Amino acid sequence: MKLSARLAVPAAGFVLAGLAGLTATACAPQTSDTSAKNDEKSGTLRVWLFQEVSNGPKQKVVDRAVDAFRARHEGADVEIEYIPVETRAQKIKAAFNDPKSAPDLIEYGNTDTAGYVKDGGLADITEEFGAWRDAEDTDPTAKQSVTVDGKVYGAPLFVGVRALYYRTDVFDDLGLEPPKTQAELVAAAKRIRAEKPGLYGLAVGGAYTYGAMPFIWAHGGELAEESGGTYTSAIDSPAARKGIKAYTSLFGDDNCPAAKCAEMGGNDTVTAFASGKAGMVIGGDFSRAAVEAGTVKGKYAVVPLPGVRAGEIAPAFAGGNNLGVLKSSSHRTLAVGLMKELAGKKTQAELFDAMGFLPTYTDVREKAAGKEPFIEPFIKTLAAGAKAAPASAGWAQIDSSLVLPTMFQEVVSGRKDVEAASGDAARKMNDAFGAAR
């Protein structure tokens, strides 16, 4: 759900958070077969890209890529429309149902992939992706975000992951070292709160699903298990429950009071840190601009979020955006070509420089890290094995109906224990997975 922020534009830190939490609703009508019957090699391609808070730098990079595409494709033109992220679900679903007004190419959040495939909106480009030289260096997690049932339905455009931001001034004052295990993380958080009661030790949120997931994964739990293309919830497994207990233990007067923190989402926790109200926060590479615009500028550092054992990195949710060709496009070959131009190595490198979008290619990312050391902890996190949301159309329903935030909030409020809350969440998840088959 939810996700574009970035190094260059302070306000952009809160737009997409990886499209980590913004997902399409599951109640839109199922589309009929809208496959195009022809493949025109000239004409105008229509493209929908997401509008950023400060869109100028992105638009300049896109315009250069489009100019390069036009130069190589005589008779082809391109019209770019920047659409609001918040209303993309309705607009894109409507396009799936009305091929005459639909674009040829769209930007979409990586948690939307399975739902869009189920709706019949995206073209299968497995063959073209496999023959694309740039794609050879796509990291496996990014490729997974465009893959459903072994077929590829787009090209990854950028990725976003989270790591641990901490206040260097607070740590120095208390003689703390960056935590190397989750037990050390909890201890550091509680010490900060005890000695500096005006601060949250680690800002956490009951509605911060993507901040909680690393605790579940680090303890060996999973959100769901897949067998034969069918997903079943695993949120109530013993391992997942250990992770839920670890995360929810951070809600209390000794770290982040439940009365204030139970309703907080990811943006709220980053705001608390940026404004100097927390010693630590789990934030994304896309959160840096917001932190830099806050009172803690120059007084923070970032390390990977530790796992259960020393030397381990807790798996992070791999957010980000993709580009996909619509099945209804009558310019399939040209649309795939433009997709490769916009999502290729050259353009991704330029988008990193302009917007801070983390490249999906391992070699491009290494070069980016050489320019900007700040992203090294995020690259290490990706390399350690970031995870994606279940590749099921049911995930959109699970996410939009707040199944996991409700579970966390029930626990931290004391309304239910971990066993009861996770059991209820598992049943709701299975209902959504079942409805999506």
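Only the Cβ atoms of Lys and Arg (+1) and of Asp and Glu (-1) were treated as charged; on that basis the dipole of region 103-152 about its Cα centre amounts to roughly 160 debye. Beta bridges assigned by DSSP with both partners in the chain are antiparallel in approximately 65 percent of cases. Under a 5 Å amide H to amide H cut-off, with H placed in plane at 1.01 Å, what residues pair with Leu157 once short-range neighbours are removed? Residues meeting the amide H criterion: Asn321, Asn322, Leu323.
Using θ = phi - 60° in the Karplus curve 6.51 cos²θ - 1.76 cosθ + 1.60, the 3J(HN,Hα) couplings for region 235-242 round to 5, 9, 6, x, 5, 4, 5, 4 Hz; x is entered for Gly and Pro. Considering only Phe286, Ser145, Gly276, and ranking their Cα positions along the charge dipole of the chain that arises from unit charges at the beta-carbon of Lys, Arg, Asp and Glu, the one farthest toward the positive end is Gly276.
In the chain, taking the dipole from charged Cβ atoms about the Cα centre, the farthest positive-side position among Leu342, Ala239, Val78 is held by Ala239.
Think of the chain as having a plus end and a minus end, set by charges on the Cβ of Lys, Arg, Asp and Glu; of Val403, Cys261, Ala316, Cys261 sits farthest toward the positive end of this dipole. Taken about its Cα centre, the chain carries a charge dipole of roughly 480 debye when the Cβ of each Lys and Arg holds +1 and the Cβ of each Asp and Glu holds -1. When the pairs Lys151/Lys371; Lys100/Lys387; Lys100/Lys143; Lys93/Lys340; Lys100/Lys346; Lys143/Lys327 are compared against a 27 Å limit on Cα-Cα distance, Lys151/Lys371; Lys100/Lys387; Lys100/Lys143; Lys100/Lys346 fall above it.
Estimated from helices alone, the mean residue ellipticity of the chain at 222 nm is -12000 deg cm²/dmol (sum of -39500 (n - 2.57) over DSSP H runs with n ≥ 4, per residue). Counting charges near Pro304 (Lys, Arg +1; Asp, Glu -1) among other residues having Cβ under 11 Å from its Cβ returns a value of +1. For region 182-226, the share of alpha carbon pairs falling in successive 5 Å distance bins from zero is 5, 19, 20, 22, 16, 9, 5, 2, 1, 0 percent. Here the 3J(HN,Hα) profile of region 102-112, calculated from phi with Karplus coefficients 6.51, -1.76 and 1.60 at θ = phi - 60°, is 7, x, 8, 9, 9, 8, 8, x, 5, 7, 8 Hz, Gly and Pro shown as x. Under the combined filter of DSSP loop state and at most 10 neighbouring Cβ atoms within 10 Å, region 131-203 retains these trypsin sites (Lys or Arg not before Pro): Arg133.
Here's the list of lysines a cross-link from Lys242 could span, going by alpha-carbon distance under 17 Å and ignoring same-chain residues fewer than 8 apart: Lys416.
Taking the Cα centre of region 336-436 as reference, the dipole from Cβ charges on Lys and Arg (+1) and Asp and Glu (-1) amounts to some 180 debye. Which aspartates and glutamates have a Cα less than 18 Å from the Cα of Lys60, not counting those fewer than 8 places away in the same chain? Partners found: Glu52, Asp77, Glu79, Glu81, Glu107, Glu341, Glu350, Asp353.
When both region 279-333 and region 51-81 are represented by their alpha-carbon centers, they are found 25 Å apart.
Helix 56-72 and the longest principal axis of the C-alpha atoms of the chain enclose an angle of approximately 30°.
Readers should treat all values here as calculations from the given coordinates under stated rules, not as data from a laboratory. Just so you know, these numbers come straight off a predicted model, no measurement behind them. Backbone-built Cβ (ideal geometry, glycine too); neighbour counts: all protein chains shown.
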